[in-house]
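Novice: Questions regarding the structure given below will be posed in turn.
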Amino acid sequence: MLSLEGNVKLTAIPDSFFDGIQNLQVVNLSNTRIRMLPTSFFGLSKLQALVLRDCPLFMDLPPEIGDLEHLELLDLQGTDVNNLPNEVGKLGFLKILRVSFYGPVECIKQVKLSQALLSHETISSLLLLNELSISARPGDPRWNNIAESVTEEVTYLKGLISLHFYFPDADILELFIRRSASWTLKSLTKFKFVVGLNIFHIVSEVPKEVEFDYDKEDRCLRYMNGDSTIHDAIVRVLNRASAFYLDNHFTVNSLSEFGLDNMKELKFCIATECPCIQVLVDANNDAESVLPLLERLSMHCLWNLKSICKGLVPRGSFNRLKSLSVHKCPKLTYVFTETLLDHFSNLEELVVEDCESVKAIVKTEADSDEGFSASLTVLNVMTVKHLPELRRIGNGPWSLLEQVNIYNCPKLNLGDFFRSAGAV
């Protein structure tokens, strides 16, 4: 094994470097700045793993890669490769393939690139693949043009247990779940699906650390720029997902439109830039429980959000929620009602930020300043920032609070809060 990982100043390897070490089975060149592999590298006939993760200057994988016939792992995630050569299809023992096609953002540079990211039957030839990850730059027409044909090839891979894939529209996703044996037989236990028109954003409203935690989940569905009809394929994938990222959906009015019964496995949920959402969850008497396994809920730029829940919330709802964060929701006037607090008894972290109309974290039944019986008894971290109308948080007890962050809340009576918290 040879690892040169993290040598950020490494830009080139001499052509004869690998001549004397022909027994290498693993080569890790991750997080370096190499642009190409030396000619001697392709004489490593016993090589089983090549890792080039996060090598941003690596752009060309030569056809000689097909000579490494015992290769089982090829990781090109985070490189800037323009295409996969046909010879990758000769790697009959390949079990793990990770590749990203990012390319330049500028259209004038895109036209100079190879328009064939993948040749026909390259993926379907890799019959032993059990993990496949293909990332593409948002809006790249090269990927959009071949996504359906590549999806068809992926459906032939019967041994897949992990798939990271971008479906430009829900019809292509439907093609996959209808034809894929690994999906039908539920042997695909890990998936990260991005569905919809993926638009490049210079700055995302969702912090990187939140997206990083989302990516840690095993079964992720990110639904972007959906139309007025919620496709059946989205609902069927959501039924198996542990994480849901609703991104820039311009017609959906609440998460309930996807069917609360289809979200019982969710542990992580992000909703951002959905202008029609006025209530996140519209509960009803027929639902057994609302998001019973959800542990983290993060809401961003829901411009018309007025409340988290509407209707009679069944017992067992939000029972495992530990972290709730609300950012840039200008029409929200309160986060909880007194009765709703009973369902958030396990909440440990609360963040409310840049919500200009919030007057209270907890709204009492009579909307008065009197205390209430229910409380966030296990809350230990609370952050309230840039809430110009916030007047009160709520009476405790707050005995477990370890960290309180308050910034730019000019109307908040801190004395009342800290007295209820037992700090004064």
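Novice: Of the residues LEU61, LEU74, only one is open to solvent by less than 50 Å² (accessible area, probe 1.4 Å), assigned to a loop (DSSP other than H, G, I, E, B) and either modelled with pLDDT of 95 or more or not basic (Lys, Arg) (or both); which?
Specialist: Checking each option against the conditions leaves just LEU61.
Novice: Yes or no: segment 266-273 includes at least one residue that is farther than 18 Å from SER325 by Cβ and not aliphatic (A, V, I, L, M).
Specialist: no
Novice: Of the numbered conditions (1) within 25 Å of the chain's Cα centre (by Cα); (2) open to solvent by 20 Å² or more (accessible area, probe 1.4 Å); (3) modelled with pLDDT under 95, GLU353 satisfies every one except a single condition; which is it?
Specialist: Condition (3) is where GLU353 drops out.
So that you can scan it fast, the table gives a plain yes or no per residue for (1) in a strand (DSSP E or B); (2) of a type in the set (A, V, I, L, M, F, W, C); (3) in contact (Cβ under 8 Å) with a residue 24 or more places away in the chain; (4) open to solvent by less than 60 Å² (accessible area, probe 1.4 Å):
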site: VAL150; (1), (2), (3), (4): no, yes, yes, yes
site: GLU153; (1), (2), (3), (4): no, no, yes, yes
site: TYR156; (1), (2), (3), (4): no, no, yes, no
site: GLY159; (1), (2), (3), (4): no, no, yes, yes
site: TYR166; (1), (2), (3), (4): yes, no, yes, yes
site: ASP171; (1), (2), (3), (4): no, no, yes, no
site: GLU174; (1), (2), (3), (4): no, no, yes, yes
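Novice: May I pose another question? Name the residues in segment 82-126 that are crowded, with 20+ Cβ neighbours inside 10 Å, among the aliphatic types (A, V, I, L, M) and modelled with pLDDT under 90, would you?
Specialist: Within segment 82-126, LEU117, LEU118 qualify.
Novice: I'm trying to understand the selection: among the residues of segment 38-57, which are surrounded by fewer than 21 Cβ atoms within 10 Å (Cβ to Cβ) and either assigned to a loop (DSSP other than H, G, I, E, B) or not β-branched (Val, Ile, Thr) (or both)?
Specialist: PRO38, SER40, PHE42, GLY43, SER45, LYS46, GLN48, ALA49, ARG53, ASP54, PRO56, LEU57 - these are the residues of segment 38-57 that are surrounded by fewer than 21 Cβ atoms within 10 Å (Cβ to Cβ) and either assigned to a loop (DSSP other than H, G, I, E, B) or not β-branched (Val, Ile, Thr) (or both).
Novice: Now a separate question. Please tell me if SER256 is in contact with a strand residue (DSSP E or B) (Cβ under 7 Å, 6 or more places away or on another chain), on the phi < 0 side of the Ramachandran plot, free of Cβ contacts under 8 Å to residues at least 60 places away in the same chain and in a helix (DSSP H, G or I).
Specialist: Spelling it out, SER256 is indeed in contact with a strand residue (DSSP E or B) (Cβ under 7 Å, 6 or more places away or on another chain), on the phi < 0 side of the Ramachandran plot, free of Cβ contacts under 8 Å to residues at least 60 places away in the same chain and in a helix (DSSP H, G or I).
The values are calculated or read from the model by the stated rules, or taken from the named source; none is laboratory data. Keep in mind the model is a prediction, meaning the values are calculated, not measured. Methodologically, a virtual Cβ is constructed for each residue, glycine included, from the backbone with ideal geometry; neighbour enumeration extends over all protein chains shown. Please note that ligands, DNA and RNA were not included when accessible areas were found on the heavy atoms of the full protein model with its side chains. Shrake-Rupley method; radii C 1.70, N 1.55, O 1.52, S 1.80 Å.
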